[in-house]
1. Report the label-to-label distance for residue 287 and residue 120 in nanometres (one decimal), using points 7 Å from each Cα along the Cα→Cβ vector.
2. R0 = 30 Å: FRET efficiency of residue 308 with residue 132, Cβ-based, nearest 0.05?
3. Which ordering of 107, 191 is given by a fewest-first count of other beta-carbon atoms within 10 Å?
4. If R0 is 25 Å, what FRET efficiency do you get for residue 194 and residue 165 from their C-beta distance, rounded to 0.05?
5. Quick check: residue separation of residue 36 and residue 75 times 0.36 nm, minus the Cα distance between them. What number comes out in nm?
6. Please work out the FRET efficiency for the pair residue 275 and residue 92, using the Cβ-Cβ distance as r and a Förster radius of 30 Å; give the result to the nearest 0.05.
7. Can you give the relative contact order of segment 30-326 as a percent, counting alpha carbon pairs under 8 Å and 6+ residues apart?
8. Under a crude label model (7 Å from the Cα following the beta-carbon direction), how far is residue 268 from residue 18 in nanometres?
């Protein structure tokens with residue numbers, strides 16, 4: 001018994017990867033900072049959209065679903081994946097092995113597909129101003145469909161995730177493909193790179209290029225007219241351009257943060273399939289942590305960019321937290337946010353102005369019989 005126990009102890013002393021104390025400290029601070037700020041920022045986006053009825057537009061629902069995916073990534077992938085990579089063993093149990101693998105894959109698949117859906121919706125609205133806007137139920141169905149597509153794309157990976165507990169207390173959570181299917185693993189990794197990154201980015205780029213072309217054409221047209229009837233339309237175009245800038249910023253964040261991680265995963269597949277070492281281990285470790293942290297930083301940048309470009313969102317945050325904190329009513333105000341009972345007089349006035357602008361735009365469109373101006377919805 002003692003001999004078996006000693007052998008088990010030796011087997012369980014699995015060495016962690018070799019990282020100096022300075023790098024460990026840097027990683028701990030970097031991941032901790034991103035995690036804390038991501039939780040606060042994405043929770044704020046979700047609370048504002050859920051609790052404020054006037055913020056529940058189709059675009060905002062899509063963006064809040066991105067925040068929900070970012071929250072899931074922060075809660076599971078941000079800490080579990082780098083710890084497992086560093087320790088090279090899995091200390092979080094069998095169910096967490098499968099749960100983290102599925103949730104991380106689905107969430108990372110969710111974001112680009114959602115951004116593609118937003119870009120396509122915006123393009124259709126700008127290109128076809130008399131088209132019926134997307135209903136909220138349709139938006140929710142699209143989000144559910146994105147989940148189903150994500151499950152379909154990830155099903156090969158999910159089937160090959162394996163929790164190995166045959167080494168006593170020393171457990172492993174691995175993506176373990178059969179020996180005769182190793183080349184399928186590489187093909188699958190490249191396919192995920194194309195489906196998750198290349199296809200959405202191409203679709204999004206085409207949509208935003210067309211949107212920019214249409215808005216620039218409308219702007220040049222209205223610059224030649226100085227009548228009061230075009231003032232409202234020019235304002236609407238500027239608001240649409242601001243919204244497009246927001247969406248483009250979120251797309252750039254996705255591309256910069258996600259592509260390195262996808263390429264790192266392909267590199268890892270090459271190492272496993274062909275048993276090669278294209279780079280030294282210390283360089284490979286640095287590449288992984290840099291790419292993974294960059295992907296996690298994207299979950300923080302999305303709500304920050306959203307707050308920067310969204311005047312309504314900034315005003316709600318300032319009203320909710322700034323004024324209530326100054327008046328010593330922070331706790332009561334926080335309860336009001338959660339219960340949805342806080343009143344924003346400034347937003348009510350803006351909504352009334354929006355309705356008047358929309359009505360004026362509809363009348364002008366009906367009189368001019370032109371189809372090149374979108375009947376603007378207050379999406380932000």
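Values quoted throughout were computed directly from the atomic coordinates according to the rules given, and no laboratory measurement underlies them. Keep in mind that this is a model prediction, so the values were computed, not measured. Cβ atoms come from the backbone with ideal geometry, glycine included; neighbour counts cover every protein chain shown.
1. Placing both labels 7 Å beyond Cα along the Cβ direction yields 3.4 nm.
2. 0.45
3. 191, 107
4. Given R0 = 25 Å and the Cβ-Cβ separation, E is 0.15.
5. That works out to 13.0 nm of additional length.
6. Once the sixth-power term is evaluated, E becomes 0.60.
7. Value for segment 30-326: 25 percent.
8. A separation of 2.2 nm, rounded to one decimal place.
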